[in-house]
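What follows is one structure encoded as structure tokens, with my remarks underneath.
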Amino acid sequence: MSTKENTPENAAIASTETVRPEARKPRGFQDKRAHLIATERHLVDKVSEVYSKWGFEALDTGPFEYVDALGKFLPDTDRPNEGVFALEDDDDQWMALRYDHTAPLARFVAENWNNIPKPFRRYSAGPVYRNEKPGPFRFREFIQCDADAVGASGPAADAEMIAIASEAMQACGAAVGDYAIRVNTRQLLDGVMQAADVTDPNKRLIVLRALDKMDRLGVEGVSELLGGGRKDESGDFTEGAGLSSASIDTLLQFAQAGRDTRSETLEALAAIANKNEVGTQGLEDLAAIHSILNGLGVTDQMATFDPAIVRGLEYYTGPVFEAELLKEFKDEKGRLMRFGSVGGGGRYDDLIARFTGDLVPATGFSVGISRLAAVLAAENESENKADGPVVVLALQREHMADYCSLAAQLRAIGVKAEVYLGTSGMKAQMKYANRRKAPAVVIVGNQERESGKVTVKDLVAGAKAAENISDNAEWRETRPGQFEATRDDFAAKIKAVVEANNA
RNA sequence: GCCGUCUUAGCUCAGUUGGUUAGAGCGCCUGGUUGUGGACCAGGAGGUCCCAGGUUCGAGACCCGGAGGCGGUACCA
């Protein structure tokens, strides 16, 4: 309604000077409609099924944790929300929305140490929250499906997680070859940095961050970041690590040692990474993981070794892995878009120690459902499936009881159905049914009431039959897709139509 | 956070050196058809030109500040 019109009502509204809020969605959050919700649920179910099959039990903790339990984010100012959404409880304690499922798990395990079986294998699926800059398919609330094994040391536990990651990707609909699980270990990275004489902790961070960008920036960009620094295409400059060219060579050679098969990569790494104890340890771990993956039937197409994988810096302590979707998608404007990582994980052996002081080995993997779902849903949106409810037209309002009973008969045999509850005429009701993606409408007006029959219109068949009709008179007379039924068999006939559509 | 860029109808966008009443396509609503979703035809509704200040006789356009979107980059447990 325009408030510019000078009607008495509008004058009254204007005179109260109501401040109306702007209807707008908080940025980084999604309004999810039926199609997206269904896609997300489907993916969560599929991944959970995989985790459950491998012997992980379900666990749901609440969305909030006290900030000290979440990790390094402490409330030292009025707004301790660097990266997280935090608030102060009425007992003056700061709490924050979880940013992943691992920190709450660590808290749960530490809190219930005496009452849970060790190793503790659990999975969690639910929303997590990050207070950071959103991007396309990058949200501030998103669903993660996470599986972790706490109290499980040794390469077998890591290899299992990798196998599970691969299975989870397939459960999400990615065929072998459409995704890749890339594996590395912290020990190899530590070893090569030692070999390249990078000892300064600050420089080690810069080096790890630089290596992590191998896929995006390529050898040249990473080389700049290891050396003097890099200027990006917007003109912004990123400080480099300032390493010698010999050190840079060592690191680049290492980062490019990834091959198509795991055994080839192991060979390539053997010559580079055995310069010191920690590197040798990393090599042995990878070799052990390799042989267990073989035993699990995880092929080179499913999981490879990639020395350029880094992941969370002050978090992982051993093997790390990342799940990437290789398939390319087109966005709504037809632009080709790839989005890399849809999941990741690794070994974190000192997360629980924060609470208990005891080192507890743990390894886990997590899939980001929301990005996958948003893309899959966008991809399938064009599919015009008539998956809405059957609509019973309300042509004579004095017969609402009858219309409600017709709809009830449909629901009784498992067909989604509703009575039109608006106030518009038949034409508008037909449009409504069309928009609801109704497979059929039930028409009972004067004519049907006299004959005692029910008219059913199959909207899918009708639309198909109408494709070749351009003359409106013919369109109206033909009544494409319509048929008569009795009050006893109309429900069964509609059910048959719905089932034929879904087949 | 930093750099760049953009913001006009529900959507996609035009809008001349700064000059009358700001336009198009699509979508939406109504009618042609008081019992029919499509197509066609006719008509209609819909605007804080992102916000705020300034220059000017006059600003959608120019200047300053801000917000938001997009892209890059940094950070990312």
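Some notes on this structure:
- q = 0.06, 0.11 Å⁻¹, chain A: log10 I(q)/I(0) [Debye, one scatterer per Cα]: -0.44, -1.02
- In units of the rule-of-thumb radius 2.2 N^0.38 Å, region A:208-353 shows an alpha carbon radius of gyration of 1.17.
- Per-residue extension of 0.36 nm, minus the Cα-Cα distance of A:Q93 and A:K427, leaves a gain of 114.3 nm for this segment.
- Simple spin-label estimate for A:T299 and A:I116 in nanometres, 7 Å along Cα-Cβ: 3.6 nm
- With a Förster radius of 25 Å applied to the C-beta separation of A:D489 and A:R397, the computed FRET efficiency comes to 0.40.
- Share antiparallel - DSSP beta bridges, chain A, percent rounded to 5: 85 percent
- Pairs spanning more than 21 Å between alpha-carbon atoms, out of A:K385/A:K416; A:K385/A:K453; A:K427/A:K495; A:K25/A:K416: A:K385/A:K453; A:K427/A:K495; A:K25/A:K416.
- For region A:381-425, the relative contact order comes to 45 percent (Cα pairs under 8 Å, sequence separation of at least 6).
- Split chain A at each of the GluC sites (Glu not before Pro) in a DSSP loop with at most 14 other beta carbon atoms within 10 Å, and the longest piece is A:133-232.
- Total lysine pairs under 23 Å (Cα atoms) in region A:34-380, excluding pairs fewer than 8 apart on one chain: 13
- Per-pair calculated FRET efficiency, R0 = 51 Å: A:A353 and A:Q256 via Cβ, rounded to 0.05: 0.90
- Short-range pairs are left out: with C-alpha atoms under 8 Å and at least six residues apart, the relative contact order of region A:99-249 is 13 percent.
Read the figures in this text as sums done on the coordinates, not as results from a lab. All of these numbers come straight from a predicted model, not from anything done at the bench. A quick note on method: Cβ atoms are made from the backbone with ideal geometry, for glycine too, and the neighbour counts reach across all protein chains shown.
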